[in-house]
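Okay, structure first, notes after.
All of the numbers you see were taken from the coordinates with simple rules; none came from a lab. This one's a predicted model, so the numbers in the text were calculated from it and none came from an experiment. Note that each Cβ is placed from the backbone with ideal geometry, even for glycine, and that neighbours are counted across all protein chains shown.
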């Protein structure tokens with residue numbers, strides 16, 4: 001019978017006097033609380049369920065926070081938060097939103113970094129270890145990294161350096177034989193060999209890099225983990241401890257479908273079916289539109305290939321669709337740099353690469369966009385999902401910095417479709433053209449349809465569309481915000497004004513002919529789904545800088561916004577029809 005009161009646990013010191021049975025009971029109680037929260041609230045399901053025992057053992061053996069643990073990605077840190085003073089956020093529904101889904105130093109001294117992206121734990125921990133050595137410290141430094149994260153290039157860089165430290169440096173490799181979806185890459189052949197041989201295989205990646213190595217076959221067994229962690233505590237050389245865990249452990253539907261339950265909206269614990277009203281009401285999505293169009297075209301174009309960087313679900317490529325695409329679908333793992341550079345090689349070789357990325361992750365490949373793609377003029381297509389204030393809203397996963405990043409790279413065409421018709425037309429054109437590299441930014445929010453939008457045969461040159469003729473005032477709406485500008489124009493028409501509305505179609509160059517046609521206007525208002533600094537609006541303002549025209553740029557602040565409400569943020573930034581209307585009226589007064 002479980003007698004553990006998890007609400008009484010305020011810090012790891014509360015578990016260090018427990019015996020083996022109590023620790024097992026603790027794991028049962030924590031798993032139950034996690035399942036109740038995840039099913040009601042949503043979050044990262046599989047990674048956290050699989051790491052409960054390992055995190056209990058880590059905090060039981062090591063003297064945290066003096067001993068320092070860096071968790072990679074943070075998808076696996078809910079149990080860590082439960083043991084480090086934040087249990088109420090997992091045991092009391094009224095406090096479910098008290099903590100973020102990622103490690104956060106503002107929440108606790110046990111959290112060393114804000115981490116939502118991947119693969120950097122070993123590098124960060126190597127810096128902590130070096131700082132300790134320079135200061136003469138003695139604390140343990142532990143990096144916890146998942147097998148999926150090992151596909152990221154910076155993980156190899158961290159391992160490469162960490163192996164040379166010559167002092168205490170412990171890397172825990174949490175191997176559940178999964179990334180977000182299935183793993184891809186040669187490293188996983190070696191991990192499988194190590195699992196199959198109970199860690200005894202002669203071919204050992206970690207030893208080859210210079211690490212000592214130990215293996216725990218059942219990484220969900222608390223006594224085995226405690227014994228292993230005790231054996232490496234205070235060790236004076238770099239070592240990898242490879243633990244084999246089960247992703248989704250304790251939830252049958254998550255154990256059976258690990259990809260689906262990497263992350264989930266609220267769901268039924270028995271059936272696994274979504275309980276999210278938003279998901280139930282969504283009749284179509286841009287990722288489905290993207291995947292269906294590409295799959296249809298692949299049948300006729302054998303050289304057309306889609307590349308994902310470890311996030312197939314985000315781009316609509318379900319397991320069934322990946323199977324249908326066959327060799328024309330490539331997953332490079334969590335390695336955006338490889339995806340972008342590989343696309344350059346594919347284009348050079350005469351293939352038609354389409355790289356689909358989540359906005360928040362593409363910044364890892366900025367150099368490849370600049371050097372391998374733009375400088376080499378390779379005609380590859382890049383489709384950016386969640387590039388919007390209406391996408392992911394945690395400070396670690398923001399998707400509204402991409403326009404400023406990409407639109408200022410020379411020879412990189414950044415298209416901003418406003419609706420599904422324009423999105424699909426731009427995608428098809430870019431798949432076929434051989435002129436230049438193209439980025440297509442998927443509109444934010446729900447799928448918007450506009451049968452009146454003008455479709456072009458060629459999007460290679462800047463050609464803005466005047467969707468509403470007018471005078472005096474021009475409203476330029478980028479991508480998602482064209483409908484907002486159209487509604488604002490209707491509002492202003494009721495006030496006696498006759499504003500023009502423009503769809504720029506792209507944000508990397510200016511259609512100077514169109515802009516010159518409105519040089520006698522009094523006011524131009526731009527609105528974009530990204531930060532104002534370095535964005536499209538500022539390019540327009542600069543063009544009219546020495547004229548009488550007043551230009552007002554609407555967009556987002558250059559801040560790491562955290563868990564914001566998109567509708568409230570839209571209102572605060574005047575990015576809704578009423579906000580635009582009021583700005584125009586007050587300015588003209």
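What does the C-alpha gyration tensor say about the overall shape of segment 34-84? Classify as rounded when a/c is under 1.5, otherwise prolate if a/b is larger than b/c, or oblate.
prolate
So what does the Cα-only Debye profile of the chain read at q = 0.07, 0.09, 0.11 Å⁻¹, as log10 I(q)/I(0), no solvent term?
-0.47, -0.75, -1.05
So how far apart, in nm, are the two label points at residue 363 and residue 167 if each is 7 Å from Cα heading toward Cβ?
3.1
Determine the shape class of segment 465-588: with a ≥ b ≥ c the square roots of the Cα gyration tensor eigenvalues, call it rounded for a/c under 1.5, and otherwise prolate if a/b is greater than b/c, oblate otherwise.
oblate
What is the order of 548, 217, fewest Cβ neighbours within 10 Å to most?
If I rank by nearby Cβ atoms, fewest first, I get 548, 217.
Considering only DSSP beta bridges whose two residues both sit in the chain, what percent are antiparallel, to the nearest 5?
Here the share of antiparallel DSSP bridges comes out near 10 percent.
For 568, 53, 255, which order do you get if you count the other beta carbons within 10 Å of each Cβ and list the fewest first?
Exposure proxy ranking, most exposed first: 568, 255, 53.
Could you tell me how many degrees, from 0 to 90 and to the nearest 10, lie between the Cα long axis of helix 420-432 and the main elongation axis, the longest principal axis, of the Cα atoms of the chain?
80
Of the DSSP beta bridges with both residues in segment 465-588, give the percent that are antiparallel, rounding to the nearest 5.
20
Would you please report the Å³ per residue occupied by the convex hull of the alpha carbon atoms in segment 282-441?
Cα convex hull per residue, to the nearest whole number: 108 Å³.
Taking R0 as 45 Å, what's the FRET efficiency between residue 13 and residue 565 from their Cβ-Cβ distance, rounded to 0.05?
The pair residue 13/residue 565 has a calculated efficiency of 0.75.
Rounded to the nearest 0.05, what FRET efficiency is calculated for residue 196 and residue 234 with R0 set to 35 Å and r the Cβ-Cβ distance?
Using R0 = 35 Å, I get an efficiency of 0.65.
If you line up the long axis of helix 222-232 against the longest principal axis of the chain, both from Cα atoms, how many degrees apart are they, to the nearest 10?
90
Considering only DSSP beta bridges with both partners in segment 20-264, what is the antiparallel share in %, to the nearest 5?
10
Relative contact order for segment 282-441 using alpha-carbon pairs under 8 Å, separation at least 6, rounded to a whole percent?
In percent, rounded to a whole number, it is 21.
Rounded to the nearest 10 degrees, what's the angle between the helix 153-162 long axis and the longest principal axis of the chain, both from Cα atoms, 0 to 90?
Orientation of helix 153-162: about 40 degrees from the principal axis.
Percent relative contact order of the chain, based on C-alpha pairs within less than 8 angstrom and at least six residues apart?
Relative contact order comes out at 10 percent.
Expressed in nm to one decimal, what extension gain is obtained for the pair residue 327 and residue 303 from 0.36 nm per residue of sequence separation less their Cα-Cα distance?
7.6 nm
Taking a ≥ b ≥ c as the square roots of the Cα gyration tensor eigenvalues, with a/c under 1.5 meaning rounded and otherwise prolate when a/b beats b/c, else oblate, which class fits segment 232-375?
The shape class here is oblate.
Over segment 20-264, how many percent of alpha carbon pairs lie in each 10 Å bin up to the one with the longest distance?
Once binned at 10 Å, the Cα pair distances of segment 20-264 give 8, 34, 39, 17, 2, 0.
Using a simple spin-label model with points 7 Å from Cα along the Cα→Cβ vector, what separation in nm is obtained for residue 572 and residue 533?
1.7
Can you give the relative contact order of segment 465-588 as a percent, counting alpha carbon pairs under 8 Å and 6+ residues apart?
28
Given the peptides 88-99, 148-159, arrange them by the average over their residues of other C-beta atoms within 10 Å, most packed first.
Ranked from most to least packed, the peptides come out as 148-159, 88-99.
Under 12 Å from the 7 Å Cα→Cβ point of residue 498, by amide nitrogen: which residues of segment 454-475?
Residues passing the 12 Å test: 469-473.
I need 164, 100 ordered by Cβ neighbour count within 10 Å, fewest first.
So the residues, fewest neighbours to most, are 164, 100.
Please give the contour-minus-distance gain from residue 466 to residue 552: 0.36 nm per residue of separation, less the Cα-Cα distance, rounded to one decimal in nm.
Length gained, residue 466 through residue 552: 29.1 nm.
Grab the Cα-Cα distance for residue 433 and residue 285, subtract it from 0.36 nm times how many residues apart they are, and report the gain in nm with one decimal.
Computed gain between residue 433 and residue 285 is 50.7 nm.
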